[in-house]
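Data first, discussion second: the structure below is written as structure tokens.
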Amino acid sequence: MSNSPISAANWSFPTKVWFGLGRATEIVAALDEIGAHNPLLVTDQGLATHPMITEMQVTLSAASIPHGTFTQIKPNPTGSNVEAGAVALRDGKHDSVIAVGGGSALDAAKAIALMVGQDKSIWEFEDIGDNWRAVNAAGMLPVIALPTTSGTGSELGRSSVITQEDPHRKVIIFHPDMLPELVIMDPALTIDLPATLTAATGMDALSHALEAYCTPGYHPMADGLALQAMLMIRDSLVVAVKHGDDIEARSTMLAASGMACIALQKGLGAMHAISHPLGAVYDVHHGMLNAVLMPYVLDFNLPVIDQKLAVLAKTLLLGDEAKDFIDWIKGMRIRLGVPNTLGALGLNVNDPDLIAYAAAKDPCAQGNPIFLDATAALQILKSAS
């Protein structure tokens, strides 16, 4: 890879996207674009004092734009985080949200913008059936999203994953209008991401593309995005991890992450169904859990996805058989330093039956190529332990 920047571009897919190096400096123009005048800047505690945040605050102040800042967000955002953010949004009489951060910050910010105008519990909007229709859409506020990682693709998604503290479970909150009104994809914001997190978030993006591609159903547009995203990840993830200042690799991963997120509207599967309860109970990084679980889920699903993986192997120029693709995944994990098992990750699953039961109930289980009940989820868990 080279260090030459990829050209700036404006897209509308599936929302307005301003892509390019240094485009975070256009935040005032972005607010003008969506007609907002008093934003709440939402980020996590780890970024609260980072120069990217302080510089944005200075830029807003220099433009005489009133604004607030909310940083009470955990790595796996909780319902109480969202509730506190909605209070800050309401009390500050803000008219919009600027979301800056990784998947946790973006998910929380989108949920905050949703909940500020609701009189129901956030859990009533879980992505089951037509629950989203109960949302007072008129009470939602617009979001400008600036991702600082290349993993979840939350900036291009219509949902948020929020942890319900009691019981410990991750809940997908969905509404079509949760999609940010404008996204600024600036690879400069990802440069400082440590190698370990670059690997974990990159594998998360890969898991989105891979599960979307493998899930049953007819969605050639999603399949095309997933295939291209995996091709880009093949060429750029290891480079971004080993050479964090490589702008081309960082740019490519940022675009691939967004593409994979759009593709996952086709569905996800057992990786996410199992990682959701594991993350909720043990508070482990979601992307790293997906990375550990990946080959075990592929082996479980292999009887029905053999041909799809063979196509992947040929498309990615890895070989002609499903085994070639799986071997590439295993080799990628080694190069990125991903632990081979949950145990090697330092995770001792004390109650695998509980996790397996929750996985079978997770909405993502419905997209797995082979029916995922608690017994099947437990089988995968034991293999990965």
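The values are calculated or read from the model by the stated rules, or taken from the named source; none is laboratory data. Model, not experiment: these values are computed from the prediction. Cβ sites come from the backbone with ideal geometry, for glycine too, and all protein chains shown count toward neighbours.
Details
- Residue within region 175-182 that is closer than 26 Å to GLU124 by Cα, among the aliphatic types (A, V, I, L, M) and touching a residue at least 60 places away in the same chain (Cβ under 8 Å) present: yes
- Being in contact with a Gly (Cβ under 6 Å, 6 or more places away or on another chain), in contact (Cβ under 8 Å) with a residue 40 or more places away in the chain and among the β-branched types (Val, Ile, Thr) holds for only one residue in THR215, THR196, and it is THR215.
- Count of residues meeting criterion [within 21 Å of SER154 (Cα to Cα) and among the acidic types (Asp, Glu)] in region 1-60: 3
- Condition check for SER251: free of Cβ contacts under 8 Å to residues at least 24 places away in the same chain and either among the hydroxyl-bearing types (Ser, Thr, Tyr) or in a helix (DSSP H, G or I) (or both): no
- When GLN164 is tested against the conditions (1) in contact (Cβ under 8 Å) with a residue 60 or more places away in the chain; (2) surrounded by 18 or more Cβ atoms within 10 Å (Cβ to Cβ); (3) of a type in the set (S, T, N, Q), the lone failure is (2).
- Check on VAL311, within 19 Å of VAL292 (Cα to Cα), over 23 Å from the mean Cα position of the chain (by Cα) and among the β-branched types (Val, Ile, Thr): no
- Output for region 143-174, where each listed residue is closer than 21 Å to GLN265 by Cα, out of contact with any His (no Cβ under 6 Å at 6 or more places or on another chain) and either among the charged types (D, E, K, R) or assigned to a loop (DSSP other than H, G, I, E, B) (or both): THR149, SER150, GLY151, THR152, GLY153, GLU155, GLY157, ARG158
- Among the numbered conditions (1) at pLDDT 95 or above; (2) touching a Leu at 6+ places or on another chain (Cβ under 7 Å), the only one that ARG90 does not meet is (2).
- Remark: pairs (first residue in region 97-112, under 17 Å from ASP192 (Cβ atoms) and assigned by TED's automatic domain parsing to the domain that holds SER80; second residue surrounded by 24 or more Cβ atoms within 10 Å (Cβ to Cβ) and of a type in the set (Phe, Trp, Tyr); Cβ separation under 7 Å; 6+ apart in sequence or on different chains) are absent.
- Put simply, of VAL292, VAL304, VAL239 the only residue that is buried (at least 22 other Cβ atoms within 10 Å of the Cβ), over 17 Å from LYS170 (Cα atoms) and in contact (Cβ under 8 Å) with a residue 24 or more places away in the chain is VAL292.
- Test: residue in region 161-183 that is modelled with pLDDT of 95 or more and closer than 20 Å to ALA249 by Cα: yes
- Selection count where residues are within 21 Å of the chain's Cα centre (by Cα) and either crowded, with 21+ Cβ neighbours inside 10 Å or free of Cβ contacts under 8 Å to residues at least 24 places away in the same chain (or both), scope region 343-359: 2
- Some residue of region 226-248 being of a type in the set (Asp, Glu), within 25 Å of ILE334 (Cβ to Cβ) and assigned to a loop (DSSP other than H, G, I, E, B): yes
- Members of region 99-151 found to be surrounded by 24 or more Cβ atoms within 10 Å (Cβ to Cβ) and of a type in the set (Ser, Thr, Tyr), listed by number: SER104, THR148, THR149, SER150
- Neighbours by Cβ (under 9 Å, 6+ apart or cross-chain): first from region 17-36, under 12 Å from ALA63 (Cβ atoms); second aliphatic (A, V, I, L, M) and surrounded by fewer than 16 Cβ atoms within 10 Å (Cβ to Cβ): ILE27/ALA63; VAL28/ALA62; VAL28/ALA63; LEU31/ALA63
- Among the residues of region 23-38, the ones that are surrounded by fewer than 20 Cβ atoms within 10 Å (Cβ to Cβ), of a type in the set (Gly, Ala, Ser) and either part of a helix (DSSP H, G or I) or modelled with pLDDT under 95 (or both) come to 1 in all.
- Residue check for TYR218: among the aromatic types (Phe, Trp, Tyr), farther than 28 Å from ILE112 by Cβ and over 17 Å from the mean Cα position of the chain (by Cα): yes
- Whichever residue in region 9-22 is touching a strand residue (DSSP E or B) at 6+ places or on another chain (Cβ under 7 Å) and part of a loop (DSSP other than H, G, I, E, B) and, among such residues, is surrounded by the most Cβ atoms within 10 Å (Cβ to Cβ): GLY20
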